[in-house]
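Enquirer: Handing you this structure, nothing more for now.
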Amino acid sequence: QGLLARISDLLLCRWTCRNCCQKCFDCSCCQTNEDEVEILGPFPAQTPAWLISSQNEDKDGDSDNAISELPPTLQDVSPDRRRSSSDASRSTYSLTRRISSLESRRPSSPLIDIKPIEFGIIGAKKEIVQPTILRKTYTPDDYFRKFEPRLYSLDSNSDDMDSLTDEEILTKYQLGMLHFSTQYDLLHNYLIVRVIEAKDLPPPISYDGSRQDMAHSNPYVKICLLPDQKNSKQTGVKRKTQNPVFEERYTFEIPFLEAQRRTLLLTVVDFDKFSRHCVIGKVSMPLSDVDLVKGGHWWKALVPSSQNEVELGELLLSLNYLPSAGRLNVDIIRAKQLLQTDMSQGSDPFVKIQLVHGLKLTKTKKTSCMKGTIDPFYNESFSFKVPQEELENASLVFTVYGHNVKSSNDFIGRIVIGQYSTGAPESNHWRRMLNAHRTAVEQWHSLRSREECDRVSPASLEVT
């Protein structure tokens, strides 16, 4: 009823009057009599421009044909009536013929043959794809048979261990008990761990039969804060006893909030001079479960450890090659947590460096001996003459020994870096040095046993 409605009708509706902008059947200017309605039929009140232009061309020809084609009933009518009827018939016929001629002139739409499109490989055979049918019906018994019960058994690393009391653990494993205490010093920001004593430790175990005394153990304790196992500490060795008294105190410089997120791990190890040290048992305690500021003492039962043998220690090395001078520089920086070889005073470790070309030993050098420590600092440099064309065939053998005055030196651990490396970390260090000439490349290396090195590296077999 408003202005917008009329404008929309004018633009969109074909039945809108162009004079008054109203519906043709509502406006007064478009009203017709019955004859006009019969003649015009559904066409608009005003004839379109394209119809008017074509109507003038065929006006004369259409009038003559229309009179001859009148039906016979109209010829008998009165002249006035016949005149009006003839005019109506002429108009109707002219419009019908003109519309049909215009429809024929309009360009026809192209015919599109729509067929289903098939995709496939030319020459391939058509195969009907059907869902496969399971040949075997799986039953619950077959499903659970895939599980390995040993993976779900109760061991020292499972969470169910926390539900057992110390008496039940002691009865089950019979590995003895450990007495220790913890307290945090807020004034100096460090954690104090005191290893007091142990009791009822089991007799020693020898895996290779080389142990001489099978009645008594030589225990000591290693202390670390998980997940950091590298920065650990250890007590002295107590000779030939199953109830050692340590009374040793250790400090860890760590913030209080960080200490609450750590887990205290105490590992009791049996020292053996002629064999690998054997782990007796361990105790782990989350520090978030205790009041560190107040502190406390605990007796905890030892549980088995998945690690039967202790690590041999780590060695920090730096390699640098100078291609213009043909020199390979080696820096022995430090070592930590070396295997203890002397029961009374720890170890007197030193490092021997040997250069092997192919399978031939060419040069041997060694560091000074550090007295009574398992965490020695060396900071010593060595230089080897290695031409660039021979560098790819060279190997460096690093062996850590414990000095022994009474007998031969005690072997601690070994690694090989170069052509015959003993592992992926050693190969990676050598490759980094080759890609960075004139640049010192440092890396920590875990020491390996003599048997392991001899098995994987031919260069280890060529040295003593």
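The values are calculated or read from the model by the stated rules, or taken from the named source; none is laboratory data. Every value quoted in this text rests on a predicted model; they were computed, and no experiment measured them. Positions of Cβ are backbone-derived with ideal geometry, glycine not excepted, and every protein chain shown enters the neighbour counts. Heavy atoms of the whole protein, side chains included, go into the accessibility calculation; ligands, DNA and RNA do not. Shrake-Rupley method; radii C 1.70, N 1.55, O 1.52, S 1.80 Å.
Enquirer: When the Karplus curve 6.51 cos²θ - 1.76 cosθ + 1.60 is applied with θ = phi - 60°, which whole-Hz ³J(HN,Hα) does each residue of segment 232-246 get, with x for Gly and Pro?
Expert: Rounded to whole hertz, the list is 9, 10, 8, 7, x, 8, 9, 7, 6, 8, 9, 10, x, 10, 9.
Enquirer: Run a plain Debye calculation on segment 314-462 (Cα atoms as equal point scatterers, no solvent) and give log10 I(q)/I(0) at q = 0.19 Å⁻¹, rounded to two decimals, same order as the q list.
Expert: Here log10 of I(q) over I(0) equals -1.14.
Enquirer: Quick one: go through segment 228-245 and flag any residue whose amide nitrogen is under 12 Å from the point 7 Å out along the Cα-to-Cβ line of HIS216.
Expert: In segment 228-245, the label zone of HIS216 (backbone N under 12 Å from the point 7 Å along Cα→Cβ) covers 238-244.
Enquirer: What's log10 of I(q)/I(0) for segment 166-301 at q = 0.10, 0.11, 0.16, 0.21 Å⁻¹, Debye sum over Cα points only, no solvent?
Expert: The computed values of log10 I(q)/I(0) come out as -0.34, -0.41, -0.82, -1.24.
Enquirer: Over segment 223-338, give the accessible area per residue in Å² for a 1.4 Å probe, as an integer. Show your work: numbers first, answer last.
Expert: Details: 5170 Å² over 116 residues.
Spelled out: the 1.4 Å probe surface of segment 223-338, per residue, equals 45 Å².
Enquirer: How large is the accessible surface per residue of segment 339-427, computed with a 1.4 Å probe and reported in Å² as a whole number? Don't skip to the end; give the middle numbers.
Expert: Values: 3900 Å² over 89 residues.
Using a 1.4 Å probe on heavy atoms only, each residue of segment 339-427 averages 44 Å².
Enquirer: ARG334's amide H: which non-local residues (gap 5+, or another chain) put their own amide H closer than 5 Å, with H modeled 1.01 Å from N in plane and none for Pro or chain starts?
Expert: LEU316, TYR378, ASN379
Enquirer: Using 18 Å as the Cα-Cα cut-off, could you pick out the over-long pairs in LYS282/LYS336; LYS240/LYS406; LYS172/LYS233; LYS222/LYS282; LYS199/LYS300?
Expert: Details: LYS282/LYS336 21 Å; LYS240/LYS406 21 Å; LYS172/LYS233 29 Å; LYS222/LYS282 9 Å; LYS199/LYS300 11 Å.
Pairs exceeding 18 Å: LYS282/LYS336; LYS240/LYS406; LYS172/LYS233.
Enquirer: Quantify, in whole percent, the carbon and sulfur part of the accessible surface of segment 166-301 (1.4 Å probe; protein heavy atoms only).
Expert: 49 percent
Enquirer: Working out 0.36 nm times the residue gap between LYS385 and THR373, then minus their Cα-Cα distance, what length gain in nm do you get to one decimal?
Expert: Numbers: separation 12, 0.36 × 12 = 4.32 nm, distance 3.22 nm.
Between LYS385 and THR373, full extension yields an extra 1.1 nm.
Enquirer: Rounded to the nearest 0.05, what FRET efficiency do GLU442 and SER284 give with R0 = 51 Å and r taken as the Cβ-Cβ distance? Could you check?
Expert: On the way: r = 32 Å, r/R0 = 0.63.
Computed FRET efficiency for GLU442 and SER284 comes out at 0.95.
Enquirer: Right, another one. If LYS352, LYS363 are ordered by their accessible area, calculated over protein heavy atoms with a 1.4 Å probe, which sequence runs from highest to lowest?
Expert: On the way: LYS352 45, LYS363 100 Å².
Largest to smallest exposure gives the sequence LYS363, LYS352.
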